[in-house]
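Asker: Submitted below is the structure of interest, expressed as structure tokens.
What follows draws every value from the coordinates through simple rules; no lab data is involved. Being a predicted model, the structure only gives us computed values, none of them experimental. Every residue, glycine as well, gets a Cβ built from its backbone with ideal geometry; the counts of neighbours run over all protein chains shown.
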Amino acid sequence: MSEPYLRFDGISVEFPGVKALDRVSFSAQAGEVHALMGENGAGKSTLLKVLSGVNRVSAGALWIDGQRHVFANEREALAEGIAIIYQELTLSPNLSVAENLLLGQLPQRRGFIDRQALYADAVRVLKELGEETIDPATRVRDLSIGQQQMIEIGRALLRDARIIAFDEPTSSLSVQEIRNLKRIVARLRDEGKVVLYVTHRMDEVFEMCDALTVFRDGRHINTHPDLEHISHDMLVSEMVGREIEDVYGYRSREHGPPMLEVKDLKGPGVREPASFSVNQGEVFGFFGLVGAGRSELLRLVCGAEQPEAGTIRYKGRDCRFDSPRKAIHAGIAMCPEDRKSQGIFAIASVADNINISCRRFFARWKLFRHRSRETDNAHDYIRRLSIKTPGPDAPIGNLSGGNQQKAILARWLAEEIDVFVMDEPTRGIDVGARRDIYSLLYDLADNGKSVVVISSDLAEVSSICDRIGVMRDGRVVDVVERAQATPERLLGLALPA
Ligand SMILES: Nc1ncnc2c1ncn2[C@@H]1O[C@H](COP(=O)(O)OP(=O)(O)OP(=O)(O)O)[C@@H](O)[C@H]1O
Ligand SMILES: [Mg+2]
């Protein structure tokens, strides 16, 4: 085999109290899409940030095309032809699409920014991205999260890098955007680039990747130069370090009377009157493609948006909530999909982030916080969701992406709530932790609560839910009983006719 284009040689990275990477060595070839997998907090993003010069190594070096490098900053990495699409968005929301695409390399003419060249470059890249409909003059903050992610990708393409790394790029993309991304990745491979691809999704690995490296607890576990003889179960046990028989671990239970009855509800994003009901003790799923109107429908129920028509009965009484706060007070809460930007207090501690909304229940009197109960609660959820953190007092911003997600989820689970609406609860969360989350959802249902799960993960909805509502194009097309909810049936209902 030829000398690998990119080699990680004994890389270690340490943060206060955490060894994020421990003597990691492996290599990737040019013309290869190389998947990086591992549990939340395994060190995947840290490794990419070593490559891009953001993270400093305490030992080891990179070898690129036979040359040894230790990058001191992002500029040095950029000069070596490295581009990273990070897990979190890095765009400037108030600048235009064109400016964001070419930031740091704006075309100049006689000392001024050459607007014409800027727009021409932007139009070309937008076309490559399959996003021709976006006007380059649009401000980034007016784009959907998926479109913003595509702009991040476009920015990396414009750098004409030789090594391109994607950190969980598909987690916020629509079906169409994912298709475009796959096309772009395949093209980069054909052009002989090294593509590193971090994902938690097995289907993507088997469909898109040529080689695969698994990490666990900051250590390199295995590199598979090809995926021919690798099974799903093998991968899971390499990642988690033990066998997981059935990630979903479905438990059935008796259901009580209706908790929530929605009839003919209409509003923004819900084009046709929508009806469904959820019983006590039930886990009810909503499946559909991104943009089918699932989040919009539930936002109407939970007071985040006001319905134009229809009724909501909750515990047998007609209700309307002016705000999410009022809905939460009544016992209905929605944990948003975009948990990071909508829900995180980045500089606050993990414990504060978990406790923030149930503080009022713990307070001895309304005015005072009950520190020991808060600490107990935080410890409890850190254990139950295996949140990887040096301790409850660590700033949540230092946790890995998936572990931040888990902490925000814990905040909602800790609430005194009767109807939990969870929008994509396991997005970006590794297999082992997903099992913990499902088990917590079943516990809630066992205790007579109702759980509504919005999910684009077909295997997930068909495996954990008692009934599933399928939405397409702003309407509820059917509600399917668990026994009939085969993946084929659900997908058939969700896809455009
Ligand atoms: N800036 C930082 N300060 C302190 N600790 C950090 C920092 N960045 C990462 N860590 C820690 O390093 C470890 C590895 O984190 P990393 O973000 O690389 O995980 P990951 O594999 O990308 O996980 P995920 O799948 O959740 O994104 C974690 O324990 C994390 O808390
Ligand atoms: Mg990460």
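Asker: Based only on other Cβ atoms within 10 Å, what is the fewest-to-most ordering of D167, D380, D318?
Answerer: By the 10 Å Cβ count, ascending, the order reads D318, D380, D167.
Asker: Can you give the % of DSSP beta bridges in the chain that are antiparallel, to the nearest 5?
Answerer: In the chain, DSSP labels about 55 percent of beta bridges as antiparallel.
Asker: So, R0 is 51 Å and r is the distance between the beta-carbons of I178 and R373; what FRET efficiency does that work out to, to 0.05?
Answerer: 0.70
Asker: What's the angle, to the nearest 10 degrees (0 to 90), between helix 175-190's Cα axis and the longest principal axis of the chain?
Answerer: On a 0 to 90 degree scale, this one is about 20.
Asker: Determine, from the Cβ-Cβ distance of I145 and E3 and an R0 of 35 Å, the FRET efficiency 1/(1 + (r/R0)^6), rounded to the nearest 0.05.
Answerer: About 0.30, to the nearest 0.05.
Asker: With the crude spin-label approximation of a point 7 Å out along Cα→Cβ, what separation in nm comes out for A304 versus L95?
Answerer: Here the modelled spin labels are 2.9 nm apart.
Asker: Mind listing the long-range amide H neighbours of V477? Cut-off is under 5 Å, sequence gap 5 or more, other chains count too, H placed in the peptide plane at 1.01 Å from N.
Answerer: So V477 has HN proximity to V470, M471, R472.
Asker: A further question on this structure: Cut-off 20 Å, label point 7 angstrom out along Cα-to-Cβ of A79: give me the residues of region 42-56 whose amide nitrogen falls inside.
Answerer: 49-56
Asker: Run the numbers for E191 and S25: contour at 0.36 nm per residue of separation, minus the present Cα-Cα distance, in nm.
Answerer: That works out to 57.2 nm of additional length.
Asker: Now, a different point. Any chance you could run the full-extension gain for A497 through D226? It's 0.36 nm times the residue separation minus the Cα-Cα distance, nm to one decimal.
Answerer: Taking 0.36 nm per residue and subtracting the Cα distance, the gain is 93.8 nm.
Asker: Read phi for every residue in region 305-322 and hand back ³J(HN,Hα) as whole Hz from Karplus 6.51 cos²θ - 1.76 cosθ + 1.60, θ = phi - 60°, with x for Gly and Pro.
Answerer: Those phi angles translate into 9, 9, x, 8, 7, x, 10, 10, 9, 10, 6, x, 10, 5, 9, 9, 10, 5 Hz.
Asker: Same structure again: Tell me, C302, C319 in order of fewest to most beta-carbon neighbours within 10 Å?
Answerer: C319, C302
Asker: Using the crude model of +1 on Lys and Arg Cβ and -1 on Asp and Glu Cβ, and no other charge, please compute the dipole size for region 187-291 relative to its Cα centre, in debye to 20.
Answerer: Approximately 460 debye in magnitude.
Asker: Put a dot 7 Å past each Cα toward the Cβ at D233 and L103; how far apart are the dots in nm?
Answerer: Placing both labels 7 Å beyond Cα along the Cβ direction yields 4.7 nm.
Asker: Mean residue ellipticity at 222 nm from the helices of the chain, using -39,500 (n - 2.57) per DSSP H segment of n ≥ 4 over the full residue count, to the nearest 500 deg cm²/dmol?
Answerer: That comes out to -9500 deg cm²/dmol.
Asker: Pairs of Cα atoms under 8 Å, at least six residues apart: use those to get the relative contact order of the chain, whole percent.
Answerer: 16
Asker: Here's something else I'd like to know. Could you list the chymotrypsin sites (Phe, Trp or Tyr not before Pro) in region 10-86 that lie in coil according to DSSP, counting only those with at most 12 other Cβ atoms within 10 Å of their Cβ?
Answerer: Filter output for region 10-86: empty list.
Asker: Based on the Cβ-Cβ distance of R383 and E132, what FRET efficiency does E = 1/(1 + (r/R0)^6) give at R0 = 60 Å, to the nearest 0.05?
Answerer: Efficiency for this residue pair is about 0.75.
Asker: Taking the alpha-carbon centroid of each part, what is the distance from region 391-427 to region 168-212 in angstrom?
Answerer: Cα centres, region 391-427 to region 168-212: 27 Å.
Asker: Now for a separate question. Would you give the gap between the C-alpha center of region 441-468 and the C-alpha center of region 34-64, rounded to a whole Å?
Answerer: Centre-to-centre distance over Cα atoms comes out at 35 Å.
Asker: Using the Cα centre of the chain as origin and beta-carbon charges of +1 (Lys, Arg) and -1 (Asp, Glu), tell me which of Q484, A433, F420 is placed farthest towards the positive end of the dipole.
Answerer: F420
Asker: Exactly which GluC sites (Glu not before Pro) in region 1-101 are in a DSSP loop and have at most 15 other Cβ atoms within 10 Å?
Answerer: Of the GluC sites (Glu not before Pro), the ones in loops of region 1-101 whose Cβ has at most 15 other Cβ atoms within 10 Å are E88.
Asker: Still on this structure, I have one more. What shape does region 251-315 take by its C-alpha gyration tensor, where a ≥ b ≥ c are the square roots of the eigenvalues and a/c under 1.5 counts as rounded, a/b above b/c as prolate, and the rest as oblate?
Answerer: oblate
Asker: In region 247-321, what GluC sites (Glu not before Pro) fall in a loop by DSSP, with at most 16 other Cβ atoms inside 10 Å?
Answerer: Qualifying residues, ordered by number: E254, E308.
Asker: How large is ³J(HN,Hα), in whole Hz, for each residue of region 232-238 in order, when computed from phi with the Karplus curve 6.51 cos²θ - 1.76 cosθ + 1.60 and θ = phi - 60°, using x for Gly and Pro?
Answerer: Values, residue by residue: 3, 5, 4, 4, 4, 6, 5 Hz.
Asker: Moving to a separate point now. Before anything else, pin down the relative contact order of region 140-275: Cα pairs under 8 Å, at least 6 apart, normalised by residue count, whole percent.
Answerer: 14
Asker: Between the helical axis of 115-128 and the dominant principal axis of the chain, each derived from Cα atoms, what acute angle in degrees is found, rounded to the nearest 10?
Answerer: 70
Asker: With +1 assigned to the C-beta of every Lys and Arg and -1 to the C-beta of every Asp and Glu, and no other charges, what is the dipole magnitude of the chain about the Cα centre in debye, to the nearest 20?
Answerer: Dipole about the Cα centre, nearest 20: 1560 debye.
Asker: Quick one: order R141, R23 by neighbouring beta-carbon count within 10 Å, fewest to most.
Answerer: Fewest-to-most ranking of R141, R23: R141, R23.
Asker: I've got another one for you. Could you give the angle, 0 to 90 degrees to the nearest 10, between helix 371-384's Cα long axis and the longest principal axis of the Cα atoms of the chain?
Answerer: That helix lies at roughly 70 degrees to the long axis.
Asker: Report ³J(HN,Hα) in whole Hz for each residue of region 201-210, in order, from the Karplus equation J = 6.51 cos²θ - 1.76 cosθ + 1.60 where θ = phi - 60°; Gly and Pro get x.
Answerer: Using θ = phi - 60°, the values come out as 9, 4, 4, 5, 4, 5, 7, 10, 9, 9 Hz.
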